[in-house]
1. Using θ = phi - 60° and the Karplus relation 6.51 cos²θ - 1.76 cosθ + 1.60, list the HN-Hα couplings for region 173-183 in order, rounded to whole Hz, with x at every Gly or Pro.
2. Calculate the spin-label point distance for residue 449 paired with residue 471, positioning each point 7 Å from the Cα along the beta-carbon direction, and give it in nanometres.
3. Once neighbouring chains are kept in place and the probe is 1.4 Å, which whole percent of the accessible area of region 164-249 is contributed by carbon and sulfur?
4. What does the highest-first list of 218-228, 109-119 look like by mean Cβ count within 10 Å?
5. Quick check for you: with a 1.4 Å probe and neighbouring chains kept, what is the accessible area per residue of region 210-253, in Å²?
6. I'd like the FRET efficiency for residue 250 and residue 202, computed as 1/(1 + (r/R0)^6) with the beta carbon distance as r and R0 of 45 Å, rounded to 0.05.
7. Please compute the modelled spin-label separation between residue 282 and residue 441, points set 7 Å along Cα→Cβ, answer in nm with one decimal.
8. Using 0.36 nm per residue, how much length does the chain from residue 56 to residue 125 gain when fully extended, once their Cα-Cα distance is taken away?
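The values are calculated or read from the model by the stated rules, or taken from the named source; none is laboratory data. Computed from a predicted structure; not experimentally measured. Cβ placement follows ideal geometry from the backbone for every residue including glycine, while neighbour counts extend to all protein chains displayed. These area figures cover heavy atoms from the full protein model, side chains too; ligands, DNA and RNA do not enter into them. Shrake-Rupley method; radii C 1.70, N 1.55, O 1.52, S 1.80 Å.
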Amino acid sequence: MPGGASLLSSGGMADYGGGLTVPVVLTCLMAASGGLIFGYDIGISGGVSEMESFLEKFFPGLLKKTAHANQDVYCIYNNQALTAFTSSLYAFGMVGTLVASRVTRRVGRQAIMLAGGSLFLAGALVNAAAANIAMLIVGRMLLGLGLGFSGQATPVYLAEVSPPRWRGGFISAFPLFISIGYLIANLINYGTSRIPGWGWRLSLGLAAVPAAVMVAGAALITDTPSSLVLRGRHDDARDALQRVRGKGVDVGAEFADILAAAEHARRNEEGAFRRILRREYRPYLVMAVAFPVFLNLTGVAVTAFFSPILFRTVGFESDAALMGAVILGVMDIGGILASGFAMDRYGRKLLFVIGGALMFTCQVAMASIIGSQLGNGSKMAKGYAVTVLIVTFVFSASFSWSWGALYWTIPGEIYPVEVRSAGQGAAVAINLGLNFLQAQFFLAMLCCFKYGTFLFYASWLVVMTAFAVALVPETKGVPLESMGHVFACHWYWGRFVKDQKVGDEST
């Protein structure tokens, strides 16, 4: 074999050639641009939901309700039809993810990303032209299917083409683009809120721009070597690997390990979803469930969805609330950039510990301030409201530094090739399903539990940080094809995963 024997076949961890080349950087950036549609929709949904022109057209009863000063401020925006505007997207995103995970092995990662961008583009145009709530929801359904396809394929694509030494940073480009999309959406909301009558249409319609960027990016990149090998296109796969690693780099050892992993998958052929339920895949199934569950229990999803409404609840006017959401987007980007720099230098676990401690402190502080200062028919004093704003900013940066980046990085890199589509598909589907539940019921939860909502999330932050420290293996710098070795050496997961040659038939 060119370049020497594969280290993976002997149970070790390979150190392949190739590094930070222009082709791999451009390929990963074009793939990661799919994160723009995630971030844009999260930002747009919250901002549009509190625009008076939008509420007047679709939810006039809610607009009248907000005008009454004697309303319980925790409950002013508790409207199930309004939250359905946000949550319907995530319900169909879950469906899209499950469909994509079923077909991605047959059609490839690139085709799934193209389909996702196209569906999102169609949904943006339908929403911009919406004449009634039904049309609005149909547009959200198309957007959701696009998100599901993109979320299933993009992190795996990034994991499969990135050099092992820099994989964490490359995968974190996806949540970075999510944060950039969120920031752009809030800047647009801040401007369109000043356009009477149709500003909301511009906000929703401009979602077509990041969708077009994603379609263009997916069209210009090659499929991943692993995906091409699984479809029997070995020559194309080697060419694709050579293209992203750079001319003159010996890719023989890495390509041999990709072939060995694919052969192992074929020799143990059965449905990926059935396979991941087997005992030897127990760690991967646990991660596929635990990561999205814990991600949602940080409380960040509802903060992102409803930040303008939350800021208005504590006393800010509409413009100030939207500007607060813009600053929130800047903090997200800062956290993601810092995380991308740190995770491949200091490891994943340090990020979990620092982020978990800061987020816990922020949630407790939010509960304390809001619980003592906010009541029926009252608005919070300006000093306390500014403090809530600052605490929310710190919380957002801490989340982006830890779970925000690592949710996409770790599940995207740990799964063996034979269950990779199922594991990533399950993780994203569960995440979108929980996004749906939280988006639909958070405002009702805030109305019912009031400041206790933040204590609920704080308690879960303790649990998830302990889980990350004890049960998530350190994967810094580990090649994808050597992940089984890491789990086999883990103090707990080693009882399930055996450190065997990739070519051996699993029992």
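1. 5, 5, x, 5, 5, 4, 5, 5, x, 5, 5
2. According to this spin-label approximation, the distance is 2.1 nm.
3. 64 percent
4. So the order, starting with the most tightly packed, is 109-119, 218-228.
5. 41 Å²
6. Given R0 = 45 Å and the Cβ-Cβ separation, E is 0.30.
7. Reported label-point gap for residue 441 and residue 282 is 3.0 nm.
8. 22.7 nm
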